[in-house]
1. I want to check the label-to-label distance for Lys61 and Tyr140. Put each point 7 Å from Cα in the C-beta direction and report it in nm to one decimal.
2. What FRET efficiency comes out for the pair Thr69/Ile263, r = Cβ-Cβ distance, R0 = 56 Å, nearest 0.05?
3. In what sequence, highest mean first, do 164-174, 137-147 appear when ranked by Cβ atoms within 10 angstrom?
4. Note the full-extension length gain between Gln194 and Arg95 as 0.36 nm times their separation in residues minus their Cα-Cα distance, in nm to one decimal.
5. Based on the Cβ-Cβ distance of Asp309 and Glu167, what FRET efficiency does E = 1/(1 + (r/R0)^6) give at R0 = 35 Å, to the nearest 0.05?
6. In the structure displayed, which of Lys74/Lys137; Lys61/Lys137; Lys36/Lys145; Lys36/Lys118; Lys36/Lys220; Lys36/Lys144 lie more than 32 Å apart, Cα to Cα?
Amino acid sequence: MEINYIIVVVFALFSAIKVRISLASASWDAESNTVKQGENLNVTCIVSDFEFMDVIRISLKNSEGQVLTLTDNKDLKLPFVNIPRYRVGFNVLNRHGYLTVSYSDIRGEDMGTLLCHKLANGDVPVEMKLHVQVPVKEIYLRQKKFYQWKRLQELETVVLRERESNELECVAVMDGGLTPTELSIVIGNEDKTQFFTASEESKIHKDQDSDLGVYYSEFKLLYSSMNPVREFNGLTITCTAIQDGFQNASTSALLRVEYSPVILCDKYEHHGKVGASVVIACEIDANPSSQLVTWMMQSFDKLEPVRLDLANISSIQTSEMVCFGS
């Protein structure tokens with residue numbers, strides 16, 4: 001009789017422990033949160049059937065897949081000790097543990113996937129997506145020269161040359177990277193975005209206050225050509241970043257396209273009397289402009305202005321004249 005009693009008690013304890021483990025679970029107060037930069041936010045991880053010795057941990061999975069511990073109920077400061085805009089709190093109510101992270105002046109670097117779980121018995125972390133909508137932090141144009149990118153100042157002149165590798169890029173930078181951002185290019189008064197190739201890139205830099213890192217994104221439009229469009233010469237190029245809910249950001253530069261001479265005038269005939277004067281013009285489009293051309297007529301071959309004055313013409317000058325720009 002005594003043996004049966006002991007077996008029943010042990011079995012009852014085992015059953016009680018098994019039931020408690022199966023009921024223990026972690027959850028977030030929301031599946032996801034989307035906030036704008038500068039707003040405040042509280043996120044709370046809730047663990048049911050909480051015991052005094054239980055450890056609840058909140059971690060962040062960044063864009064590189066690294067999982068960084070943010071805090072737990074045994075060490076509420078880690079890693080926010082030097083960042084006053086974070087606050088961490090913990091309390092227990094009705095056998096539920098509540099671990100809360102409060103963000104003030106939320107930033108793009110706070111964006112990522114938050115994980116919460118109890119550190120025991122193989123508890124699987126539960127996820128909560130934190131999206132931070134941020135405006136463009138800066139936008140600029142840059143040009144690649146001798147394999148190096150040079151950032152252009154506002155309204156600086158950028159030179160593009162024929163038969164050379166020309167790379168001109170617009171870059172919009174923001175903290176975080178889930179804010180829909182559209183870049184457009186206007187040259188003169190016309191949209192020329194179709195001449196540019198779009199790309200985007202996300203990066204993480206370490207900061208001095210925590211192990212979270214500073215997460216930011218770059219949205220880019222690249223123009224690459226050995227034959228820049230001549231009609232762009234003398235026009236202003238403006239790159240604009242467009243975001244819903246935020247003010248547009250833009251930057252501009254002046255375009256100078258240098259190209260070899262092109263003869264614009266058609267073949268035509270000049271008639272003059274012997275002894276009279278004749279003016280022959282050769283119309284050339286070039287940048288830099290050509291002030292001299294090569295005139296060829298029979299044995300006559302020399303550099304002259306684009307406007308050629310022939311005085312006191314004679315019959316032996318009846319011939320075909322050809323001009324060349326250089």
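1. Taking the two extended label points, one gets 3.5 nm.
2. Details: r = 72 Å, r/R0 = 1.29.
E between Thr69 and Ile263, to the nearest 0.05, is 0.20.
3. Output ranking for 164-174, 137-147: 164-174, 137-147.
4. 29.6 nm
5. E(calc), rounded to 0.05, equals 0.20.
6. Lys74/Lys137; Lys36/Lys145; Lys36/Lys144
Quick note: the coordinates plus some simple rules give every number you see, no bench work behind them. Here the structure is a predicted model, which is why all the values come from computation and not from measurement. Every residue, glycine as well, gets a Cβ built from its backbone with ideal geometry; the counts of neighbours run over all protein chains shown.
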